[in-house]
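Asker: Here's a structure for you.
The values are calculated or read from the model by the stated rules, or taken from the named source; none is laboratory data. Quick caveat: nothing in here was measured; it's all calculated off a predicted structure. FYI the Cβ positions are ideal-geometry reconstructions off the backbone, even for glycines, and counts take in every protein chain you see. Just the protein is used for accessible areas: all its heavy atoms, side chains included, with ligands, DNA and RNA removed. Shrake-Rupley method; radii C 1.70, N 1.55, O 1.52, S 1.80 Å.
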Amino acid sequence: MPDTCDVVVLLSGTGSNLQALINSVEPENSPVKIRAVISNREDAYGLQRAKDAGIDTHVLDHTAFEGREAFDAALIEVIDTFNPQLVVLAGFMRILSANFVRHYQGRLLNIHPSLLPKYKGLHTHQRALEAGDSEHGCSVHFVTEELDGGPLVVQAVIAIESDDSPHSLAQRVHTQEHLIYPLAVRWFAEGRLSLDEQGALLDGQLLAASGHLIRT
Ligand code: GAR
(Lines give C-alpha, C1' and ligand atoms only; values in the text may rest on other atoms or scores of the structure.)
Protein backbone atom coordinates (compact mmCIF):
# COMPACT_ATOMS: atom_id res chain seq x y z
CA MET A 1 0.00 0.00 0.00
CA PRO A 2 1.48 3.41 -0.97
CA ASP A 3 1.69 6.28 1.57
CA THR A 4 -1.55 7.74 0.30
CA CYS A 5 -4.77 6.07 -0.75
CA ASP A 6 -6.59 7.58 -3.71
CA VAL A 7 -10.33 7.32 -3.25
CA VAL A 8 -13.23 7.79 -5.66
CA VAL A 9 -16.65 8.35 -4.09
CA LEU A 10 -19.91 7.43 -5.86
CA LEU A 11 -23.18 8.98 -4.72
CA SER A 12 -26.72 9.74 -5.83
CA GLY A 13 -28.00 12.18 -3.23
CA THR A 14 -27.34 14.51 -0.34
CA GLY A 15 -23.82 13.36 0.31
CA SER A 16 -23.69 13.78 4.07
CA ASN A 17 -21.43 10.73 4.22
CA LEU A 18 -19.17 12.34 1.64
CA GLN A 19 -19.08 15.45 3.83
CA ALA A 20 -18.11 13.39 6.86
CA LEU A 21 -15.33 11.84 4.82
CA ILE A 22 -14.14 15.23 3.55
CA ASN A 23 -14.11 16.59 7.10
CA SER A 24 -12.20 13.57 8.37
CA VAL A 25 -9.42 13.84 5.79
CA GLU A 26 -8.84 17.57 6.14
CA PRO A 27 -5.76 17.16 8.34
CA GLU A 28 -2.87 17.21 5.87
CA ASN A 29 -1.38 14.06 7.32
CA SER A 30 -4.40 11.89 6.43
CA PRO A 31 -3.47 9.08 4.04
CA VAL A 32 -6.91 9.36 2.41
CA LYS A 33 -7.03 11.49 -0.75
CA ILE A 34 -10.48 11.93 -2.30
CA ARG A 35 -9.65 12.29 -6.00
CA ALA A 36 -13.14 12.43 -7.48
CA VAL A 37 -16.85 12.28 -6.76
CA ILE A 38 -19.06 10.69 -9.39
CA SER A 39 -22.84 10.77 -9.44
CA ASN A 40 -25.49 9.19 -11.64
CA ARG A 41 -27.70 12.23 -10.90
CA GLU A 42 -26.70 15.73 -11.87
CA ASP A 43 -28.93 17.22 -9.15
CA ALA A 44 -27.21 15.32 -6.33
CA TYR A 45 -26.28 17.83 -3.63
CA GLY A 46 -23.19 15.75 -2.90
CA LEU A 47 -21.66 17.14 -6.11
CA GLN A 48 -21.85 20.65 -4.67
CA ARG A 49 -20.18 19.47 -1.48
CA ALA A 50 -17.36 18.02 -3.58
CA LYS A 51 -16.96 21.23 -5.59
CA ASP A 52 -16.88 23.29 -2.39
CA ALA A 53 -14.04 21.07 -1.20
CA GLY A 54 -12.15 21.45 -4.50
CA ILE A 55 -12.70 17.83 -5.54
CA ASP A 56 -13.18 16.78 -9.19
CA THR A 57 -16.77 15.87 -10.02
CA HIS A 58 -18.28 13.86 -12.80
CA VAL A 59 -21.88 13.05 -13.75
CA LEU A 60 -22.76 9.87 -15.58
CA ASP A 61 -26.51 9.73 -16.16
CA HIS A 62 -27.64 6.10 -16.07
CA THR A 63 -30.78 6.90 -18.08
CA ALA A 64 -28.55 7.67 -21.07
CA PHE A 65 -27.37 4.05 -21.26
CA GLU A 66 -29.03 0.95 -22.59
CA GLY A 67 -29.00 -1.25 -19.55
CA ARG A 68 -26.99 -1.84 -16.43
CA GLU A 69 -23.98 -3.49 -18.09
CA ALA A 70 -23.41 -0.56 -20.45
CA PHE A 71 -23.72 2.01 -17.67
CA ASP A 72 -21.42 0.08 -15.35
CA ALA A 73 -18.81 -0.35 -18.09
CA ALA A 74 -18.82 3.42 -18.70
CA LEU A 75 -18.65 4.03 -14.96
CA ILE A 76 -15.59 1.78 -14.65
CA GLU A 77 -13.95 3.76 -17.42
CA VAL A 78 -14.50 7.07 -15.63
CA ILE A 79 -13.49 5.75 -12.22
CA ASP A 80 -10.30 4.18 -13.54
CA THR A 81 -9.05 7.46 -15.00
CA PHE A 82 -8.40 8.36 -11.33
CA ASN A 83 -6.59 5.09 -10.58
CA PRO A 84 -8.16 4.69 -7.14
CA GLN A 85 -6.99 2.19 -4.55
CA LEU A 86 -10.48 2.39 -3.03
CA VAL A 87 -13.99 3.08 -4.34
CA VAL A 88 -16.49 4.28 -1.74
CA LEU A 89 -20.25 4.00 -2.26
CA ALA A 90 -21.87 6.80 -0.27
CA GLY A 91 -25.57 6.62 -0.97
CA PHE A 92 -25.06 5.40 -4.54
CA MET A 93 -28.56 4.12 -5.24
CA ARG A 94 -27.78 1.72 -8.06
CA ILE A 95 -27.60 -2.04 -8.11
CA LEU A 96 -24.17 -2.90 -9.46
CA SER A 97 -23.49 -5.55 -12.06
CA ALA A 98 -21.34 -8.57 -11.29
CA ASN A 99 -18.68 -7.26 -13.69
CA PHE A 100 -18.44 -3.99 -11.80
CA VAL A 101 -18.23 -5.65 -8.42
CA ARG A 102 -15.58 -8.11 -9.62
CA HIS A 103 -13.52 -5.31 -11.15
CA TYR A 104 -13.24 -3.61 -7.74
CA GLN A 105 -13.11 -6.76 -5.63
CA GLY A 106 -11.50 -6.03 -2.26
CA ARG A 107 -11.46 -2.25 -2.85
CA LEU A 108 -15.16 -1.40 -2.89
CA LEU A 109 -16.91 -0.33 0.32
CA ASN A 110 -20.56 0.48 0.97
CA ILE A 111 -22.51 1.90 3.87
CA HIS A 112 -26.02 0.72 4.62
CA PRO A 113 -28.54 2.07 7.15
CA SER A 114 -29.28 -1.15 9.05
CA LEU A 115 -27.57 -3.82 11.07
CA LEU A 116 -26.90 -6.15 8.17
CA PRO A 117 -27.81 -8.87 7.42
CA LYS A 118 -31.10 -7.38 8.64
CA TYR A 119 -33.03 -5.11 6.30
CA LYS A 120 -31.20 -5.16 3.02
CA GLY A 121 -32.66 -2.76 0.47
CA LEU A 122 -34.83 0.26 1.26
CA HIS A 123 -36.96 1.68 4.12
CA THR A 124 -34.71 0.17 6.77
CA HIS A 125 -35.76 2.46 9.64
CA GLN A 126 -39.45 1.83 9.08
CA ARG A 127 -38.84 -1.92 8.88
CA ALA A 128 -36.84 -1.99 12.13
CA LEU A 129 -39.67 -0.14 13.90
CA GLU A 130 -42.38 -2.36 12.43
CA ALA A 131 -40.48 -5.47 13.53
CA GLY A 132 -40.43 -4.15 17.12
CA ASP A 133 -36.62 -4.31 17.25
CA SER A 134 -34.90 -2.90 20.32
CA GLU A 135 -31.74 -2.08 18.37
CA HIS A 136 -30.91 -0.62 14.99
CA GLY A 137 -27.86 0.90 13.35
CA CYS A 138 -25.65 0.99 10.29
CA SER A 139 -23.03 -1.15 8.62
CA VAL A 140 -19.95 -0.68 6.46
CA HIS A 141 -19.15 -3.70 4.32
CA PHE A 142 -17.05 -4.83 1.40
CA VAL A 143 -19.24 -5.11 -1.67
CA THR A 144 -19.74 -8.51 -3.23
CA GLU A 145 -22.16 -9.70 -5.86
CA GLU A 146 -24.88 -10.20 -3.24
CA LEU A 147 -26.86 -6.96 -2.73
CA ASP A 148 -25.99 -5.45 0.68
CA GLY A 149 -24.41 -8.78 1.46
CA GLY A 150 -20.59 -8.59 1.53
CA PRO A 151 -18.32 -9.15 4.55
CA LEU A 152 -18.98 -6.66 7.33
CA VAL A 153 -16.27 -4.27 8.46
CA VAL A 154 -17.89 -2.18 11.18
CA GLN A 155 -21.36 -1.73 12.62
CA ALA A 156 -22.68 0.96 14.97
CA VAL A 157 -25.58 -0.09 17.16
CA ILE A 158 -28.13 2.31 18.64
CA ALA A 159 -31.06 1.63 20.97
CA ILE A 160 -34.57 2.14 19.58
CA GLU A 161 -36.65 4.25 21.96
CA SER A 162 -40.40 3.79 22.38
CA ASP A 163 -41.14 7.21 20.85
CA ASP A 164 -38.84 6.80 17.81
CA SER A 165 -40.17 7.49 14.32
CA PRO A 166 -38.48 6.53 11.05
CA HIS A 167 -37.26 10.13 10.89
CA SER A 168 -35.77 10.26 14.39
CA LEU A 169 -34.12 6.87 13.85
CA ALA A 170 -32.73 7.97 10.51
CA GLN A 171 -31.16 11.02 12.14
CA ARG A 172 -29.43 9.01 14.87
CA VAL A 173 -28.30 6.35 12.40
CA HIS A 174 -26.90 9.04 10.11
CA THR A 175 -24.84 10.45 12.98
CA GLN A 176 -23.30 7.01 13.44
CA GLU A 177 -22.73 6.57 9.70
CA HIS A 178 -20.66 9.74 9.76
CA LEU A 179 -18.40 8.17 12.38
CA ILE A 180 -17.99 4.63 11.12
CA TYR A 181 -17.49 5.31 7.40
CA PRO A 182 -14.47 7.62 7.83
CA LEU A 183 -13.11 5.09 10.33
CA ALA A 184 -13.37 2.19 7.87
CA VAL A 185 -11.91 4.25 5.01
CA ARG A 186 -8.99 5.28 7.20
CA TRP A 187 -8.34 1.65 8.22
CA PHE A 188 -8.24 0.72 4.55
CA ALA A 189 -5.96 3.64 3.65
CA GLU A 190 -3.58 2.71 6.45
CA GLY A 191 -3.34 -0.81 5.07
CA ARG A 192 -5.03 -2.24 8.17
CA LEU A 193 -8.22 -3.41 6.46
CA SER A 194 -8.40 -5.92 3.63
CA LEU A 195 -10.54 -8.63 2.14
CA ASP A 196 -9.44 -12.18 1.46
CA GLU A 197 -11.32 -15.36 0.63
CA GLN A 198 -12.14 -15.91 4.34
CA GLY A 199 -13.68 -12.44 4.81
CA ALA A 200 -12.73 -8.99 6.09
CA LEU A 201 -9.41 -8.72 7.94
CA LEU A 202 -8.41 -5.96 10.36
CA ASP A 203 -4.74 -5.91 11.31
CA GLY A 204 -4.42 -9.39 9.84
CA GLN A 205 -7.18 -10.84 12.04
CA LEU A 206 -10.43 -12.12 10.57
CA LEU A 207 -13.26 -9.88 11.77
CA ALA A 208 -16.34 -11.38 13.41
CA ALA A 209 -19.37 -11.88 11.17
CA SER A 210 -20.82 -8.60 12.49
CA GLY A 211 -17.58 -6.72 11.76
CA HIS A 212 -16.12 -4.46 14.45
CA LEU A 213 -19.05 -3.56 16.73
CA ILE A 214 -19.51 -0.10 18.18
CA ARG A 215 -22.28 0.30 20.77
CA THR A 216 -23.43 3.79 21.60
C1 GAR B 1 -27.18 6.74 3.82
O2 GAR B 1 -28.08 6.59 4.88
C3 GAR B 1 -26.67 5.39 3.36
O4 GAR B 1 -26.54 4.48 4.41
C5 GAR B 1 -27.74 4.98 2.41
O6 GAR B 1 -28.04 6.15 1.70
C7 GAR B 1 -27.89 7.26 2.57
C8 GAR B 1 -27.10 8.33 1.87
O9 GAR B 1 -27.04 9.49 2.64
N10 GAR B 1 -27.29 3.93 1.52
C11 GAR B 1 -28.06 2.90 1.17
O12 GAR B 1 -29.21 2.77 1.52
C13 GAR B 1 -27.37 1.88 0.27
N14 GAR B 1 -28.07 0.66 0.27
P15 GAR B 1 -26.07 10.68 2.27
O16 GAR B 1 -26.30 10.99 0.78
O17 GAR B 1 -26.50 11.82 3.13
O18 GAR B 1 -24.65 10.23 2.55
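Asker: Tell me what the chain gives for mean residue ellipticity at 222 nm when only DSSP H runs of n ≥ 4 count, each as -39,500 (n - 2.57), the sum divided by the residue total, rounded to 500 deg cm²/dmol.
Answerer: Calculated at 222 nm, the ellipticity per residue is -9500 deg cm²/dmol.
Asker: Leaving out ligands and nucleic acids, note down the accessible area per residue over the stretch 86-216 with a 1.4 angstrom probe, in whole Å².
Answerer: 46 Å²
Asker: Pick from Leu47, Leu108, Leu201: which residue has the top mean-square fluctuation in a GNM of the chain where Cα pairs under 10 Å get a spring?
Answerer: Top of the fluctuation ranking is Leu201.
Asker: Placing +1 at every Lys and Arg Cβ and -1 at every Asp and Glu Cβ, with all other atoms neutral, what dipole size does the chain have around its Cα centre, in debye to the nearest 20?
Answerer: In total the dipole reaches around 160 debye.
Asker: Would you be so kind as to identify which of Asn83, Gln171, Ala98 lies farthest towards the positive end of the dipole of the stretch 63-185, taking Lys and Arg as +1 and Asp and Glu as -1 on Cβ and the Cα centre as origin?
Answerer: Asn83
Asker: Specify whether the C-alpha gyration tensor of the stretch 89-216 places it in the rounded, prolate or oblate class, a ≥ b ≥ c being the square roots of the eigenvalues: rounded for a/c under 1.5, otherwise prolate if a/b is larger than b/c and oblate if not.
Answerer: Because a/c hits 1.5 or more and a/b exceeds b/c, the stretch 89-216 counts as prolate.
Asker: Still on this structure: Which of the GluC sites (Glu not before Pro) found in the stretch 170-213 are in a DSSP loop and have at most 16 neighbouring Cβ atoms, other than their own, within 10 Å?
Answerer: Glu190, Glu197
Asker: Probe radius 1.4 Å, ligands and nucleic acids ignored: give me the carbon and sulfur share of the accessible area of the chain as a rounded percent.
Answerer: The C+S portion of the solvent-accessible surface of the chain is 49 percent.
Asker: Another question, then. Name the residue, out of Ile76, Ile38, Ile22, whose mean-square fluctuation peaks in a Gaussian network model built on the chain with Cα pairs under 10 Å.
Answerer: Result for the chain, Cα springs under 10 Å: Ile76 fluctuates most.
Asker: A further question on this structure: How big is the charge dipole of the stretch 134-191 about its Cα centre, in debye rounded to the nearest 20, if each Lys and Arg gets +1 on its Cβ and each Asp and Glu gets -1 on its Cβ?
Answerer: 240 debye
Asker: With everything on Cα atoms, drop me the angle between helix 166-189 and the longest principal axis of the chain, reported from 0 to 90° to the nearest 10.
Answerer: 50 degrees
Asker: I would also like to ask the following. With each pseudo-label sitting 7 Å past Cα toward Cβ, what's the Ala74-Ser134 distance in nm, one decimal?
Answerer: Using points 7 Å along Cα→Cβ, the separation is 5.0 nm.
Asker: Using a Gaussian network for the chain with springs between C-alpha atoms less than 10 Å apart, which of these wobbles most: Phe82, Phe142, Phe92?
Answerer: Phe82
Asker: Using only alpha carbon pairs under 8 Å that are at least six residues apart, calculate the relative contact order of the stretch 54-192 and give it in whole percent.
Answerer: With pairs under 8 Å counted, the relative contact order is 19 percent.
Asker: How far, in nm, would the chain grow between Gln205 and Asn83 when pulled straight, counting 0.36 nm per residue and subtracting the alpha carbon separation?
Answerer: 41.2 nm
Asker: Something else now. Between 0 and 90 degrees, rounded to the nearest ten: what's the tilt of helix 68-80 against the longest Cα principal axis of the chain?
Answerer: 70 degrees
Asker: Given the C-alpha centroids of the stretch 59-134 and the stretch 155-216, what is the distance between them in whole angstrom?
Answerer: Here the two parts' Cα centres lie 17 Å apart.
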